[in-house]
1. Filtering segment 63-87 down to residues that are over 28 Å from the mean Cα position of the chain (by Cα) and loosely packed, with under 14 Cβ neighbours inside 10 Å, which residue is farthest from Y25 (Cα to Cα)?
2. Considering only segment 56-68, state which residues are in a loop (DSSP other than H, G, I, E, B) and under 15 Å from V212 (Cβ atoms).
3. When F187 is evaluated against the numbered criteria (1) touching a Lys or Arg at 6+ places or on another chain (Cβ under 8 Å); (2) without any contact (Cβ under 8 Å) to a residue 12 or more places away in the chain, which criterion, by number, is the only one it fails?
4. Condition check: surrounded by 15 or more Cβ atoms within 10 Å (Cβ to Cβ), farther than 30 Å from A62 by Cα and within 28 Å of the chain's Cα centre (by Cα). Does Y166 satisfy that?
5. State which residue is nearest to R160 (Cα to Cα) when the search covers only segment 92-133 and only residues that are aliphatic (A, V, I, L, M) and part of a helix (DSSP H, G or I).
6. Of the residues in segment 88-112, how many are crowded, with 17+ Cβ neighbours inside 10 Å, in contact (Cβ under 8 Å) with a residue 40 or more places away in the chain and touching a Gly at 6+ places or on another chain (Cβ under 8 Å)?
7. Residue check, I124 against (1) surrounded by 17 or more Cβ atoms within 10 Å (Cβ to Cβ); (2) in the same structural domain as L171 (by TED's automatic domain parsing), all met but one. Which one?
8. Name the residue that is modelled with the lowest pLDDT, counting only residues in segment 49-62 that are closer than 15 Å to E113 by Cα and surrounded by fewer than 18 Cβ atoms within 10 Å (Cβ to Cβ).
Amino acid sequence: MPKLSLPVAMVAALLLAPASRADDYPVVAGFSRSVCEDITSGLLTRTRIKEAVEARVGVLAAMVNGGEAVSESFVRQLYSGIPFDKLPDYMPSALSCKFELASVISQRRKIVENSCENEAFGQIGWRLSEDVTEASGDLDHRGDEEWWCNKMTSDFLAARRIAEPYRIDRLGAAETSAKDATGATRFRYSCSARVSWAPRYNVRRDATLCGVHEEQASDAGR
């Protein structure tokens, strides 16, 4: 059987690649070409190419991630998943180097960053919120609206066992007074407040904070 010419072999490799790999093959091929063309002819060895990829793997990680920023953990995972041992010890030309390197990068373990909600991504609201309104009843001593509102919300937090972080928004407060049958002044306070707790944070993809998983065939195209 006659040998396939190199361009035909490259096309065959692309057609035979799993669908999840073929999608980013043009990106991988472009990256491989830039690596191989920057290495002096005669020095296209497996060791030299591996070093060159390591120096640029951050660029590769961003490219296969659609140009989005990636974490250092994701970059390390991507590099460690490339089967460099499948490269020939020596490649005679930049073209053969590009083909061989693109092939092994396409065979890498496909690491995908997990998505998660995390405080580091910024808060976007609260999961729980309740409006609280309470009156003090008649008191024989004078306080003020601030005092009563603080007492009301502190009692609410303690009763619900709500710990920080939480947010209290004052909705309204009032003070009234009147003399009783003995002529003594009696005071009454009321307060309304909204108490919010259990924060919600943005959801993002991040290997360091959320971890990673290896893409399976069923994950392709999601």
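1. At the first step, the residues of segment 63-87 found to be over 28 Å from the mean Cα position of the chain (by Cα) are 84-87.
Restricting the remaining residues to those that are loosely packed, with under 14 Cβ neighbours inside 10 Å gives 85-86.
Working: D85: 20, K86: 17 Å.
Ranking the qualifying residues of segment 63-87, first place goes to D85.
2. So the first thing to find is which residues in segment 56-68 are in a loop (DSSP other than H, G, I, E, B), and the list is 65-68.
N65, E68 - these are the residues of segment 56-68 that are in a loop (DSSP other than H, G, I, E, B) and under 15 Å from V212 (Cβ atoms).
3. (2)
4. yes
5. The first filter runs over segment 92-133 and keeps only residues aliphatic (A, V, I, L, M), leaving 94-95, 101-102, 104-105, 111-112, 120, 124, 128, 132.
So of that shortlist, the ones also part of a helix (DSSP H, G or I) come out as 94-95, 101-102, 104-105, 120.
Numbers: A94: 68, L95: 69, L101: 60, A102: 59, V104: 57, I105: 54, A120: 26 Å.
Result: A120.
6. Matching residues across segment 88-112 total 2.
7. It fails just one condition, (1).
8. A62
The values are calculated or read from the model by the stated rules, or taken from the named source; none is laboratory data. Because the structure is a prediction, the values reported are computed rather than measured. All Cβ positions, glycine included, derive from the backbone under ideal geometry; neighbour counts span all protein chains shown.
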